[in-house]
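Engineer: Just passing along the structure, written as structure tokens.
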Amino acid sequence: MWARLAWPIGFGIRRRLAPTVGNGRHTGRASLISATLASPHATLGPIRQTYARKEDFPPIARAYSQVSEVVRETGLLRRAPWFYALVGVALALAFGGAVTGFILLGDSWFQLLIAASLGVIFTQVAFLGHEAAHRQILATGPANDRLARVLIGIVGTSYSWWDSKHSRHHANPNRVGKDPDIEVDTISFLDEDAAAARGLRRLITRKQGWFFFPLLTFEGLNLHFLSVKHLLSRGPIKGRGTELAIIGARFAVIFAAVFLVLPLGMAFAFLGVMFAVFGVYMGASFAPNHKGMPVIDPDAKLDFFSKQVRTSRNIRGGWWATALMGGLNYQVEHHLFPSMARPHLAKTREIVRDFCDANDVPYTETSLVRSYAIVIEHLNRVGLAASDPFDCPVTAQYRRA
């Protein structure tokens with residue numbers, strides 16, 4: 001029974017059939033091999049955690065080189081300077097409009113609308129910073145790095161902290177012990193982490209799927225805290241001074257404007273709404289990408305194409321989804337070609353899908369709403385490991401005595 005809890009919930013509305021497994025039937029889920037992992041703090045005894053192994057994902061010979069050759073010949077790896085120039089102008093105008101509205105409204109609770117709009121604008125700037133970090137915008141690596149450091153600093157996040165974390169994620173998405181995005185941080189993504197939860201975190205973990213989006217209201221503050229903590233830590237950090245200066249100036253300008261113009265209570269409400277919208281928008285854009293997809297065994301050695309495609313989920317919607325999620329809706333293509341400019345992802349999707357069709361490689365794609373349902377269901381299943389439904393309260397009381 002408990003082995004079922006770790007099966008990935010990565011079923012999309014449109015998903016290719018996986019190779020036959022076990023009894024020869026086709027299945028939309030990857031075949032998983034059970035490995036017993038006993039946690040010293042587990043309430044369920046040994047946790048039957050299941051991870052995808054190398055034999056579950058048959059290697060596709062020269063898959064990536066074949067796909068990338070077609071993509072390159074089609075011209076989809078070229079830069080898109082005019083597109084990013086227009087995005088930059090649009091964001092600058094949006095900031096200007098928000099500042100103008102803030103000044104004109106003055107002492108009014110309608111300022112919370114301005115706060116919400118700033119949360120959205122800062123998230124869009126974060127998307128742009130993400131693309132600069134992936135060398136998608138400017139012609140050279142150093143120029144993109146400088147742009148990314150400024151943009152991500154404006155958002156209030158440390159580029160050096162985020163870049164290290166995000167690079168490890170791209171190298172090993174959903175791989176246990178190597179992908180920092182599945183490490184426990186209030187939310188548990190692995191059964192053994194859920195079983196080891198204690199105190200308040202254990203109470204949250206039991207229903208963590210339902211708590212996930214409410215908790216995202218604090219994610220903006222969490223990102224700021226982790227960034228400042230990183231920048232103030234010991235050890236060499238490239239660009240530490242620059243990042244501290246940008247983040248410090250950002251908070252100084254925002255706090256000074258808010259607390260000088262608005263009454264104290266309204267000022268705190270303004271900041272609360274801005275941080276909450278930013279956290280929810282960021283989390284809601286990144287969560288559908290990998291959560292609920294196969295989790296890879298730490299020792300499995302997979303070919304690059306299989307590793308990236310089978311652990312990623314696309315979101316349908318076309319241009320509006322691309323604008324809303326900053327291109328993250330094409331997560332499969334982004335992981336295969338991380339330096340590809342946003343406007344070229346849609347055409348690349350057609351090439352990758354055709355290749356997956358021809359080679360029986362599962363290609364996962366679903367709607368945005370359905371992806372959230374998948375994430376919630378997956379997290380709730382993992383969270384079951386934090387409690388034992390067969391544990392009688394009376395028996396538990398006698399055990400404590």
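The values are calculated or read from the model by the stated rules, or taken from the named source; none is laboratory data. Everything numeric here is computed off the predicted structure, so don't read it as measured data. Cβ coordinates were reconstructed from backbone atoms using ideal geometry, including for glycine residues, and neighbour counts include every protein chain displayed. The accessibility values were calculated without ligands, DNA or RNA, using every heavy atom of the protein model including side chains. Shrake-Rupley method; radii C 1.70, N 1.55, O 1.52, S 1.80 Å.
Engineer: Quick one: if the Förster radius is 25 Å, what FRET efficiency do residue 229 and residue 120 give, using the C-beta to C-beta distance and rounding to 0.05? Don't skip to the end; give the middle numbers.
Structural biologist: Values: r = 26 Å, r/R0 = 1.04.
Working from the Cβ atoms, E equals 0.45.
Engineer: How much length would be gained if the chain were fully extended between residue 92 and residue 170, taking 0.36 nm per residue of separation minus their Cα-Cα distance, in nm to one decimal? Intermediate results must be reported in sequence, preceding the final value.
Structural biologist: Values: separation 78, 0.36 × 78 = 28.08 nm, distance 2.97 nm.
Separation in residues times 0.36 nm, less the Cα-Cα distance, equals 25.1 nm.
Engineer: Here is a further query. Report relative contact order for the range 121-196 in percent, whole number only (criteria: Cα-Cα under 8 Å, sequence separation at least 6).
Structural biologist: Values: 65 pairs, mean separation 13.8, N = 76.
About 18 percent, as a whole number.
Engineer: A follow-up question, please. In nm, to one decimal, how far is the modelled label at residue 65 from the one at residue 113, with both set 7 Å along Cα→Cβ?
Structural biologist: The two pseudo-label positions are separated by 5.9 nm.
Engineer: Translational diffusion coefficient, Stokes-Einstein: compute it for the range 211-282 using the Kirkwood radius over C-alpha pairs as Rh, at 10 °C and 1.306 mPa s, and state it as an integer in µm² s⁻¹. All intermediate terms of the calculation are to be shown ahead of the outcome.
Structural biologist: Values: Rh = 13.7 Å.
Translational D for this selection: 116 µm²/s.
Engineer: Taking the inverse of the average 1/r across all pairs of different Cα atoms in the range 89-132, what Kirkwood radius in Å do you get? Let's see the in-between values first.
Structural biologist: Details: mean 1/r = 0.0911 Å⁻¹.
Result for the range 89-132, one decimal place: 11.0 Å.
Engineer: With +1 assigned to the C-beta of every Lys and Arg and -1 to the C-beta of every Asp and Glu, and no other charges, what is the dipole magnitude of the range 281-349 about the Cα centre in debye, to the nearest 20? Don't jump to the answer; show the numbers that get you there.
Structural biologist: Numbers: 9 positive and 4 negative charges, 47 e Å.
The dipole magnitude comes to about 220 debye.
Engineer: Using only the alpha carbons, work out the radius of gyration and Dmax of the range 148-297 in angstrom.
Structural biologist: 17.2, 54
Engineer: Order of 143-150, 284-291, 68-75 by packing, highest average Cβ count within 10 Å first? Please list the in-between numbers first.
Structural biologist: Working: 143-150: 18.5, 284-291: 22.8, 68-75: 13.4.
By packing density, highest mean first, the sequence is 284-291, 143-150, 68-75.
Engineer: Using the structure shown, list the pairs from 165/301; 307/347; 238/301; 207/301; 165/307; 178/229 with a Cα-Cα distance above 30 Å, or answer none. If you can, show how the numbers build up before the last one.
Structural biologist: On the way: 165/301 21 Å; 307/347 21 Å; 238/301 32 Å; 207/301 33 Å; 165/307 18 Å; 178/229 22 Å.
Too far apart for the 30 Å limit: 238/301; 207/301.
Engineer: Please list 219-225, 299-305 highest first by mean number of surrounding beta-carbon atoms within 10 Å per residue.
Structural biologist: Numbers: 219-225: 19.0, 299-305: 16.9.
Packing order, densest peptide first, comes out as 219-225, 299-305.
Engineer: At 1.4 Å probe radius, can you tell me the per residue accessible area of the range 270-329 in Å²? Provide the component values of the computation, followed by the final result.
Structural biologist: On the way: 1660 Å² over 60 residues.
In whole numbers, the range 270-329 has 28 Å² accessible per residue.
Engineer: Hey, any idea what % of the range 142-260's accessible area is carbon plus sulfur with a 1.4 Å probe?
Structural biologist: On the way: 3900 of 5810 Å².
Ligands and nucleic acids excluded, carbon and sulfur give 67 percent.
Engineer: If I compute solvent accessible area with a 1.4 Å probe over the protein chains, what percent of it on the range 267-397 is carbon and sulfur?
Structural biologist: Numbers: 2750 of 4390 Å².
Of the solvent-accessible surface of the range 267-397, carbon and sulfur hold 63 percent.
Engineer: Right, next: Using all C-alpha to C-alpha distances in the range 318-364, build P(r) with 10 Å bins and read off the rounded percent in each one.
Structural biologist: Histogramming the range 318-364 at 10 Å steps yields 28, 54, 18, 1 percent.
Engineer: Moving on. Mind ranking 232-243, 309-320, 343-354, 247-258 by how tightly packed they are, going by the mean number of other C-beta atoms within 10 angstrom, highest first? Walk me through the numbers on the way to the answer.
Structural biologist: On the way: 232-243: 12.3, 309-320: 19.6, 343-354: 17.8, 247-258: 14.0.
Per-residue mean Cβ counts within 10 Å order the peptides as 309-320, 343-354, 247-258, 232-243.
Engineer: As a test of the definition: which semi-axes, in Å, follow for the range 162-241 when you take the square root of five times each eigenvalue of its alpha carbon gyration tensor? Largest first, please.
Structural biologist: Values: eigenvalues 131, 56, 27 Å².
For the range 162-241, the ellipsoid semi-axes come out as 26, 17, 12 Å.
Engineer: Given all pairs of different Cα atoms, what value in angstroms does the Kirkwood hydrodynamic radius of the range 138-204 take? It would help to have the intermediate numbers written out before the result.
Structural biologist: Values: mean 1/r = 0.0708 Å⁻¹.
Computed over the range 138-204, the radius equals 14.1 Å.
Engineer: Mind grabbing the base-10 log of I(q)/I(0) for the range 82-185 at q = 0.13, 0.16 Å⁻¹? Debye formula, identical points on the C-alpha positions, no solvent, two decimal places.
Structural biologist: -0.60, -0.80
Engineer: Further, regarding this structure: Assuming R0 = 41 Å, what is the FRET efficiency of residue 264 and residue 185, from their Cβ-Cβ distance, to the nearest 0.05? Write down the numbers at each step before the final one.
Structural biologist: Working: r = 32 Å, r/R0 = 0.77.
Once rounded, the FRET efficiency stands at 0.80.
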